[in-house]
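Student: A single structure is presented below for examination.
The values are calculated or read from the model by the stated rules, or taken from the named source; none is laboratory data. Here the structure is a predicted model, which means the values were calculated and not measured. We place every Cβ from the backbone using ideal geometry, glycine too, and count neighbours over all the protein chains shown. What goes into the accessible areas is simple: the full protein's heavy atoms, side chains included, and nothing from ligands, DNA or RNA. Shrake-Rupley method; radii C 1.70, N 1.55, O 1.52, S 1.80 Å.
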Amino acid sequence: MFAKWLGRKNTPRRVEIADLQSLATLTDADRADLANFAMSADWIDVRPGVIDEELPDDRQLYLKQGSIQIQTDTGYLLHLKADSPLARYPLPASSVLISLFAAEPCALLAVPRPPGQSDRTSSGQALTRPTLTTDEAEGFSQLAEYLDTQHCELPSLPDLALRIGEAIDDPRNGNADIARLIQL
């Protein structure tokens, strides 16, 4: 479904424990567990463009290098950069993704799911809410208060963003058509 994933390099890079320590889902893991995850984790190199091949469902994917644009089945659109705090969390499961677009060459870290953790299931169960750091919780609270005041004005979308939204909604358009619009 998604991603030109996906050329793995001829000389595979080894996943180190340090690569895993910043991941939100593994913050409670001890060093032995991290070593086990590192042995079974893989790096995936993604070329720029629409990611149009199937992603592994048995692993959590984390953006560790580059930037991607994510659209989910709820219409949520996110531009994710590897150095952002959101990159600590796994990408949405392929079952809820509409499209992924790599804005530049990217590196994804594919990690086996920790025991007892699951994504949205086929029965439609909701994802569990991630635990927020103190700073994240405070920022979220401030944003909610600001939006509750109803004094905020959200900027209107530029014409190109509207055209992209219409192209995504049109079933006659493929990922290549949408990618051309995004490249504009």
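Student: Rank these residues by their accessible area, most exposed first, probe 1.4 Å: Y89, Y146, Y62.
Tutor: Values: Y89 35, Y146 125, Y62 0 Å².
Sorted descending by solvent-accessible area, the residues read Y146, Y89, Y62.
Student: Label points 7 Å out from Cα along the Cβ direction at S22 and E53: separation in nm?
Tutor: Between S22 and E53, the label points sit 2.6 nm apart.
Student: Under a 1.4 angstrom probe, counting protein chains only, how are F140, F101 ranked by accessible area, largest first?
Tutor: F140, F101
Student: Can you compute the FRET efficiency between D83 and E138 using 1/(1 + (r/R0)^6), with r the Cβ-Cβ distance and R0 = 30 Å? Round to the nearest 0.05.
Tutor: It comes out at approximately 0.90.
Student: Where the accessible area of the range 14-98 is counted over protein heavy atoms with a 1.4 Å probe, how much of it, in %, is carbon and sulfur?
Tutor: Values: 2180 of 4380 Å².
The nonpolar share, carbon plus sulfur, comes to 50 percent.
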